[in-house]
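Q: Take a look at the following structure, please.
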Amino acid sequence: MNTEAIRGAPSWHIHPDAEALTRHLARAIVRMADAAITARGAFHLVLAGGNTPRAVYAALVSGGRRWDAWHLYHGDERCLPPQNLQRNSRMAESVWLQHVPIPRAQIHDIPAEMGAEAAAATYATILPPQRFDLVLLGIGEDGHTASLFPGQQWGLDPTTPAVLAVHNAPKAPAERVSLSAWRLQQSREIFFIATGSGKRDALAAWRRGEEIPAARVGVGATVWLDAAAWPET
Ligand code: 6PG
């Protein structure tokens with residue numbers, strides 16, 4: 001496995017509003033999928049959780065293609081029953097995946113209903129040996145990303161597990177599973193998505209160079225945001 005993490009400062013792509021961001025980001029994801037499939041026969045994509053990506057996933061229903069070569073993973077999951085509406089997998093399924101013919105065997109949900117420890121150990125065995133093609137991530141108001149939270153373990157060292165059991169998360173539910181920082185970085189591209197004034201403080205902390213999970217994972221990433229989230233407005 002290529003252990004070189006993505007280097008360099010993030011690039012900030014500011015869009016006038018969430019609708020414009022959604023349109024451009026969905027197109028960018030499809031372009032990346034086409035390029036990966038043409039070059040390597042498959043597109044390995046890690047999905048972001050939370051609510052922000054919902055509109056992008058919905059836009060992919062009509063904008064996506066060559067679905068038979070898409071392979072999907074989750075950056076993190078909440079330890080809830082599979083059909084619970086708060087599950088990240090349930091959100092992606094309801095707005096996107098149930099509407100497109102990606103082979104079910106290529107949609108890799110985190111079995112978080114097993115409990116954090118067992119799910120983390122199991123999920124580590126299904127991750128692809130190679131780098132992902134694209135990792136999508138959100139950012140929380142406290143600067144967390146996936147389920148990597150300030151003051152907890154982020155898994156920066158590539159000799160640590162690729163998938164972490166998360167306990168006492170400050171964002172409910174407390175029990176979660178998350179890809180580690182180093183495993184999230186093993187990707188050709190990382191896109192963060194942030195919209196709304198609620199993300200302004202976290203992005204400002206990132207730009208100040210503060211030690212937050214999003215900044216450590218997001219070295220060399222592209223941050224897709226709307227004007228409301230941009231701290232300099
Ligand atoms: C989760 C997410 C988490 C999310 C951020 C932003 O399971 O909660 O993985 O990292 O991306 O908290 O959430 P919103 O997009 O809902 O603001």
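The values are calculated or read from the model by the stated rules, or taken from the named source; none is laboratory data. All values reported here derive from a predicted model rather than from experimental measurement. Reconstructed Cβ throughout: ideal geometry from the backbone, glycine too, with neighbour counts over all protein chains shown. Heavy atoms of the whole protein, side chains included, go into the accessibility calculation; ligands, DNA and RNA do not. Shrake-Rupley method; radii C 1.70, N 1.55, O 1.52, S 1.80 Å.
Q: Taking a probe of 1.4 Å, how large is the accessible area per residue of the chain, in Å²?
A: Working: 9720 Å² over 233 residues.
So the chain comes to 42 Å² accessible per residue, rounded to a whole number.
Q: To the nearest 0.05, what FRET efficiency results for Asn84 and Ser62 with a Förster distance of 22 Å applied to their C-beta separation? Let's see the in-between values first.
A: Details: r = 27 Å, r/R0 = 1.24.
The pair Asn84/Ser62 has a calculated efficiency of 0.20.
Q: Summarise the long-distance tail of P(r) for region 3-226 by giving the % of C-alpha pairs beyond 29 Å.
A: Values: 4573 of 24976 pairs.
Value for region 3-226 (Cα pairs over 29 Å): 18 percent.
Q: Counting only protein chains, not ligands or nucleic acids, how are Val223, Val61 ordered by accessible area (probe 1.4 Å), most first?
A: Working: Val223 0, Val61 45 Å².
The most accessible residue leads, giving Val61, Val223.
Q: When the accessible area of the chain is split by element with a 1.4 Å probe, what percent falls to carbon and sulfur?
A: On the way: 5100 of 9720 Å².
Here it works out to 52 percent.
Q: Give me a comma-separated list of calculated 3J(HN,Hα) values for region 152-162, in order, Karplus coefficients 6.51, -1.76, 1.60 applied at θ = phi - 60°, integers in Hz, x for any Gly or Pro.
A: For region 152-162, the Karplus curve yields 10, 6, 10, x, 7, 7, x, 8, 8, x, 6 Hz.
Q: Something else: How big is Rg to Rh over region 123-183, alpha-carbon atoms, Rh as the Kirkwood inverse-mean-distance radius? Walk me through the numbers before you get to the answer.
A: Values: Rg = 11.7 Å, Rh = 12.3 Å.
That ratio equals 0.95.
Q: Continuing with the same structure: Can you give the % of DSSP beta bridges in region 3-226 that are antiparallel, to the nearest 5? Let's see the in-between values first.
A: On the way: 8 of 30 bridges.
Approximately 25 percent, going by the DSSP bridge assignments.
Q: Which order do you get for Ser197, Ser180, Ser11 if you rank them by accessible area with a 1.4 Å probe, largest at the top?
A: On the way: Ser197 80, Ser180 0, Ser11 45 Å².
I get Ser197, Ser11, Ser180, largest accessible area first.
Q: Starting from the amide H of Arg131, placed 1.01 Å from N in the peptide plane, find each other amide H under 5 Å away whose residue is 5 or more places distant or on another chain.
A: Here the answer is Asn2, since their amide H atoms fall under 5 Å of that of Arg131.
Q: Could you give the distance between the Cα centres of region 56-112 and region 119-174, to the whole Å?
A: Region 56-112 and region 119-174 have Cα centres separated by 18 Å.
Q: Is the shape of region 1-85 best called rounded, prolate or oblate, per the rule: a/c under 1.5 gives rounded, else a/b larger than b/c gives prolate, else oblate, with a ≥ b ≥ c the square roots of the Cα gyration tensor eigenvalues? List each step's numbers first, then the result.
A: Numbers: a/c = 1.18, a/b = 1.07, b/c = 1.11.
Because its axes are fairly even, with a/c under 1.5, region 1-85 counts as rounded.
Q: Could you put Lys171, Lys199 in order of accessible surface area, largest first, with the 1.4 Å probe and the full protein assembly present?
A: Details: Lys171 85, Lys199 25 Å².
Order by accessible area, largest first: Lys171, Lys199.
Q: To the nearest 10 square angstrom, how much accessible area does Met114 have with a 1.4 angstrom probe?
A: Near enough 100 Å² of accessible area.
Q: Another one. Return the sequence-ordered ³J(HN,Hα) values of region 117-124 in whole Hz as given by the Karplus equation 6.51 cos²θ - 1.76 cosθ + 1.60 applied to θ = phi - 60°, using x for Gly and Pro.
A: Those phi angles translate into 5, 5, 5, 5, 5, 5, 5, 4 Hz.
Q: Right, here's the next one. Please list, in order along region 11-21, the HN-Hα scalar couplings obtained from phi with the Karplus expression 6.51 cos²θ - 1.76 cosθ + 1.60 (θ = phi - 60°), rounded to whole Hz, x for Gly and Pro.
A: Here the 3J(HN,Hα) series is 10, 9, 10, 9, 10, x, 7, 5, 5, 5, 4 Hz.
Q: Collect residues whose amide H, placed 1.01 Å from N in the peptide plane, falls under 5 Å from the amide H of Leu164; neighbours closer than 5 in sequence don't count.
A: So Leu164 has HN proximity to Ser178, Leu179, Ser180.
Q: Given a Förster distance of 45 Å, report the FRET efficiency between Arg27 and Ala118 from their Cβ-Cβ distance, rounded to the nearest 0.05.
A: Values: r = 39 Å, r/R0 = 0.86.
So the FRET efficiency works out to roughly 0.70.
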